[in-house]
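S.K.: Here it is: the structure, laid out below.
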Amino acid sequence: MFGPDKCGTTNKVHFILKHKNPKSGEYVEHHLKFPPSVPHDKLTHVYTAILKSDNELQILVDGEEKKKANFLASDDFEPPLVPAKTIPDPDDVKPEDWDERAKIPDPEAAKPEDWDEDAPLEIVDEDAVKPEGWLDDEPEEIDDPEATKPEDWDEEEDGEWEAPKTDNPKCEEAPGCGEWKKPMKRNPAYKGKWHAPLIDNPNYKGIWKPQDIPNPDYFELDQPDFEPIAAVGIEIWTMQDGILFDNILVAKDEKAAASIRDTTWKPKFDAEKAKQKAEEAATGTDGLAGFQKKVFELLYQAAELSFLSKHKDKIIELIEKAEKQPNITIGVLVSVVVVILTLFFRIIFGGKKAKVEKKPEPVAETSNKEGSSSGDEKKEETEAENEAAAPARRRQSRREN
């Protein structure tokens, strides 16, 4: 299955391969890990999957590479196409005398005689003195003298009416009102519950884990077993209208596919962009809106960085909130930038995966206008158009006294 899927917080260009395990005969779904995102606009887009003879997979969006993976790499698909050589023994059990505690309470330690576990955390400050001018007989709050009972108040239905409370103005000028009590202070004798200090456990054996055994389902693979394509179809699940698809292409020539993309999709895309720009200019929103659009485009591009892959969904969710709610845009933008910089500095000393040069092979394309999910077992080109449905605002009511 290949194509865009945008629903709620889900935003990805799926690539799912159903591959037969030659040992078990079972078909297993293998999902591309950290797939690219669906473009965040309402224009027509084309999605391309290129499957190469050296096991490389390329995902293009509008002809631009957004993801590169290898079918046999354990880090690129979940689960990996090639199973692990060994697996934890499901019949292995932890010995009863296996001790996983690195530290234990010192059995020879004893609680000091002067240790009082019952001493409270706080005690009354006996040295405290009531401030001069304290109003003992004045309450902190009084009935609001300006409040009046509503005309439609029904005591049988609503109960006896009481004026709402307000701060006592006399207390604002005095140190305080009401009964004065000595404050509490920290108890210098407090020590809390006594615990024996920890020492190294002489019987510590480490964290137990079952021993590895040969994986009965393991097999070696030079190339995935791509079964013949019997049919091409579109899988769509949507709760809104205005989604269009066309130009599904399955080909073996990458250049031919690119040529068809340039002659069928590109003119339509350019016309849509020109129309969008004209509409923005007519409404006078092309200035600031154009700048904001550039900012969001950069943020979406930043979300595609490899070191942010594990956090991409959360980052995109924050960016989408900023787009939909201008009043929180600045706060969200700052949050996104802070998250990206934090993650960057955490892994700045990390390594990079090696890349291998590959040669071209079969191509699949999908064009779509805004996101939804579409499918083809190996490759396809679809178009879809989506409009976000604004949720209805809940009306609230309350009775004010």
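The values are calculated or read from the model by the stated rules, or taken from the named source; none is laboratory data. Because the structure is predicted, anything quoted here is derived from the model rather than measured. Here the Cβ positions follow ideal geometry from the backbone for every residue, glycine too, while neighbour counts run over all protein chains shown. Ligands, DNA and RNA are stripped out before the accessible areas are found, and what is left, the full protein with its side chains, is counted by its heavy atoms. Shrake-Rupley method; radii C 1.70, N 1.55, O 1.52, S 1.80 Å.
S.K.: Out of all the residues in segment 123-132, is one or more open to solvent by less than 100 Å² (accessible area, probe 1.4 Å), among the basic types (Lys, Arg), outside any loop (DSSP other than H, G, I, E, B) and in contact (Cβ under 8 Å) with a residue 40 or more places away in the chain?
M.R.: No: segment 123-132 contains no residue that is open to solvent by less than 100 Å² (accessible area, probe 1.4 Å), among the basic types (Lys, Arg), outside any loop (DSSP other than H, G, I, E, B) and in contact (Cβ under 8 Å) with a residue 40 or more places away in the chain.
S.K.: Can you confirm whether segment 238-245 contains a residue that is at pLDDT 90 or above, of a type in the set (A, V, I, L, M, F, W, C) and either open to solvent by less than 50 Å² (accessible area, probe 1.4 Å) or farther than 30 Å from residue 8 by Cβ (or both)?
M.R.: no
S.K.: Consider residue 65 against the criteria (1) within 30 Å of residue 204 (Cα to Cα); (2) surrounded by fewer than 13 Cβ atoms within 10 Å (Cβ to Cβ): it satisfies all of them except one. Which criterion is unmet?
M.R.: (1)
S.K.: Could you please find all residues in segment 62-107 being out of contact with any Lys or Arg (no Cβ under 9 Å at 6 or more places or on another chain), under 30 Å from residue 259 (Cα atoms) and assigned to a strand (DSSP E or B)?
M.R.: Selection gives 64, 65, 66, 67.
S.K.: Select from segment 1-15 the residues that are part of a strand (DSSP E or B) and free of Cβ contacts under 8 Å to residues at least 60 places away in the same chain and write down the one among them that is surrounded by the fewest Cβ atoms within 10 Å (Cβ to Cβ).
M.R.: 12
S.K.: I want to confirm something. Restricting to segment 83-106 and keeping residues that are more than 30 Å from residue 194 (Cα to Cα) and open to solvent by less than 40 Å² (accessible area, probe 1.4 Å), which single residue is modelled with the lowest pLDDT?
M.R.: Among residues in segment 83-106 that are more than 30 Å from residue 194 (Cα to Cα) and open to solvent by less than 40 Å² (accessible area, probe 1.4 Å), the one modelled with the lowest pLDDT is 83.
S.K.: Continuing with the same structure: Looking only at segment 16-26, count every residue that is of a type in the set (A, V, I, L, M, F, W, C) and open to solvent by less than 10 Å² (accessible area, probe 1.4 Å) and tell me the total.
M.R.: Number of matching residues: 1.
S.K.: Which condition does residue 44 not pass, out of (1) in contact with a His (Cβ under 7 Å, 6 or more places away or on another chain); (2) β-branched (Val, Ile, Thr); (3) crowded, with 17+ Cβ neighbours inside 10 Å, if it passes all the others?
M.R.: Here residue 44 meets the rest and fails (1).
S.K.: Got a sec? Which of 146, 157, 140 is open to solvent by 70 Å² or more (accessible area, probe 1.4 Å), under 50 Å from the mean Cα position of the chain (by Cα) and without any contact (Cβ under 8 Å) to a residue 24 or more places away in the chain?
M.R.: 157 is the lone residue from the list that is open to solvent by 70 Å² or more (accessible area, probe 1.4 Å), under 50 Å from the mean Cα position of the chain (by Cα) and without any contact (Cβ under 8 Å) to a residue 24 or more places away in the chain.
S.K.: Hey, another quick one. So which pairs qualify, if the first residue must be in segment 88-105 and in contact (Cβ under 8 Å) with a residue 40 or more places away in the chain, the second must be part of a strand (DSSP E or B) and β-branched (Val, Ile, Thr), the Cβ gap must be under 6 Å, and the two must be at least 6 apart or on different chains?
M.R.: Qualifying pairs under 6 Å: 89/213.
S.K.: Please go through segment 178-230 and give me each residue that is small (Gly, Ala, Ser) and touching a residue at least 40 places away in the same chain (Cβ under 8 Å), ordered by number.
M.R.: Result: 178, 189, 192, 196, 206.
S.K.: Another one. Give segment 31-44 a look and list any residue that's at pLDDT below 95 and in a strand (DSSP E or B), or say none.
M.R.: Once the filter is applied, which keeps residues that are at pLDDT below 95 and in a strand (DSSP E or B), segment 31-44 yields only 44.
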